[in-house]
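I have placed the structure first, in the form of structure tokens, so that the comments after it can refer back to it.
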């Protein structure tokens, strides 16, 4: 990986969640269905895609555990999320820092470019 770059990591479970979030009424009003489909397809094309091991039982929200499994199996430097209730309070999982998008942007601005980034979507985003 070139210095100053980072890679997005994902899995089919996460893309299914992304598709479901884009189908919610708020996003349907903001994003055309064809654009939503392209967003998911582009994410799949650009991301390093991983098969998941069984989910860990770490988060207080079991539906988030697959993200922590993905972080572990991919070796992600950061898990980027807006989930203030379940993921952000963990702060880290193994070697993966759990941060908001704003925190990641601040770190990027200070020259701390991560190698691998995992993003998540939540009800709170």
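The values are calculated or read from the model by the stated rules, or taken from the named source; none is laboratory data. These figures come from a predicted structure and were not determined experimentally. Glycine gets a Cβ as well: all are built from the backbone with ideal geometry, and neighbour counts include every protein chain shown.
Which residues, taken from region 62-94, are assigned to a loop (DSSP other than H, G, I, E, B) and farther than 20 Å from residue 106 by Cβ? Walk me through how you get there before you give the answer.
First pass over region 62-94, keeping only residues assigned to a loop (DSSP other than H, G, I, E, B): 75-77, 81-87, 91, 94.
Result: 75, 85, 86, 94.
Can you confirm whether region 58-69 contains a residue that is under 12 Å from residue 10 (Cα atoms) and touching a residue at least 60 places away in the same chain (Cβ under 8 Å)? Please lay out each step first, then the result.
Looking only at region 58-69, we keep the residues that are under 12 Å from residue 10 (Cα atoms), and these are 66-69.
From what is left, the residues that are touching a residue at least 60 places away in the same chain (Cβ under 8 Å) are none.
Scanning region 58-69, I find no residue that is under 12 Å from residue 10 (Cα atoms) and touching a residue at least 60 places away in the same chain (Cβ under 8 Å), so the answer is no.
Checking each residue in region 95-105 for being over 19 Å from residue 17 (Cα atoms) and part of a loop (DSSP other than H, G, I, E, B) picks out only 95.
When only residues in region 7-46 that are in a loop (DSSP other than H, G, I, E, B) and farther than 16 Å from residue 81 by Cβ count, which is farthest from the chain's Cα centre (by Cα)? Among those residues, the one meeting the criterion is 32.
Within region 49-61, does at least one residue satisfy the condition of being touching a strand residue (DSSP E or B) at 6+ places or on another chain (Cβ under 8 Å), at pLDDT 95 or above, surrounded by fewer than 20 Cβ atoms within 10 Å (Cβ to Cβ) and not in a loop (DSSP other than H, G, I, E, B)? Yes: region 49-61 contains one or more residues that are touching a strand residue (DSSP E or B) at 6+ places or on another chain (Cβ under 8 Å), at pLDDT 95 or above, surrounded by fewer than 20 Cβ atoms within 10 Å (Cβ to Cβ) and not in a loop (DSSP other than H, G, I, E, B).
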